[in-house]
Amino acid sequence: MKESTRVLIPEDQIDERIRQLAEQISKDYAGKTVHLIGILKGSVFFICDLAKRLTIPVTMDFMSVSSYGAGTKSSGVVKLIKDLDEPIENREVLVVEDIIDSGHTLSYLLKNLSSRHPASLRLCTLLDKPDRRECDVEVDYQGFQIPDEFVIGYGLDYDQRYRNLPYIGVMSLEEE
Ligand code: PRP
């Protein structure tokens, strides 16, 4: 099968939208320190670009979960692979994700984090695929709503590749 890609969201649009999100978040958290939690690995590009544009004090931590069994679609089973380094009790926590698809990962994560008693807990995702939702997840900050297509780039992978593309693309597999 031949992999082909086309641009869905170009780099300059991602950049502009992140600037807008950062401005809004900086206003909403004025006078506070926001504790960003990045969900590895997909969110790394987004969390870095977002954090650089925030004008409030920022701290950061990372978690890694696996929501997909053996190369298939979402299994609904979420496994914690790497936990946070620090407690989040009484902190203003903002979870930063690259994409919400079925919602299983975030539904699990938000429950898990909420049980640790943060002062506040909000969610920021670059991409949202509402058509695919199986679990209700409240999104506080969203970059773009996208259609149900297989997206890659800007952190998102196909078989661990393409994460480094500077834009969001759609990948399709074609017969050679
Ligand atoms: C992606 C994404 C979310 C999750 C969303 O991660 O970063 O964590 O899937 O899917 P869901 O809403 O259906 O649960 P993935 O498991 O692909 O890992 P990665 O970030 O390391 O690529």
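The values are calculated or read from the model by the stated rules, or taken from the named source; none is laboratory data. A quick note: this is a predicted structure, and the numbers were derived from the prediction, not measured. Each accessible area value is taken on the protein alone, full model and side chains, heavy atoms only, with ligands, DNA and RNA left out. Shrake-Rupley method; radii C 1.70, N 1.55, O 1.52, S 1.80 Å.
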Mind checking which lysines have their C-alpha under 29 Å from LYS2, skipping anything on the same chain fewer than 8 residues away?
LYS41, LYS73, LYS129
Rounded to the nearest 10 Å², what accessible area does VAL44 show when all protein chains are kept and the probe is 1.4 Å?
50
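Taking a ≥ b ≥ c as the square roots of the Cα gyration tensor eigenvalues, with a/c under 1.5 meaning rounded and otherwise prolate when a/b beats b/c, else oblate, which class fits region 74-176? Display every interim value, and only then the final one.
Working: a/c = 2.00, a/b = 1.91, b/c = 1.05.
Prolate shape, in that a/c is at least 1.5 and a/b is the bigger ratio.
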Before I look further, what does region 40-176 give for accessible area per residue, probe 1.4 Å, in whole square angstrom?
51
Based on alpha-carbon positions alone, could you give the equivalent ellipsoid semi-axes of the chain from the gyration tensor, as √(5λ), descending, whole Å?
27, 20, 13
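For region 11-149, give the share of DSSP beta bridges that are antiparallel, in percent and rounded to the nearest 5; count only bridges with both residues there.
Details: 4 of 28 bridges.
Beta bridges within region 11-149, antiparallel portion: roughly 15 percent.
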Calculate what fraction, in whole %, of the accessible area of the chain sits on carbon and sulfur atoms when a 1.4 Å probe is rolled over the protein chains.
47
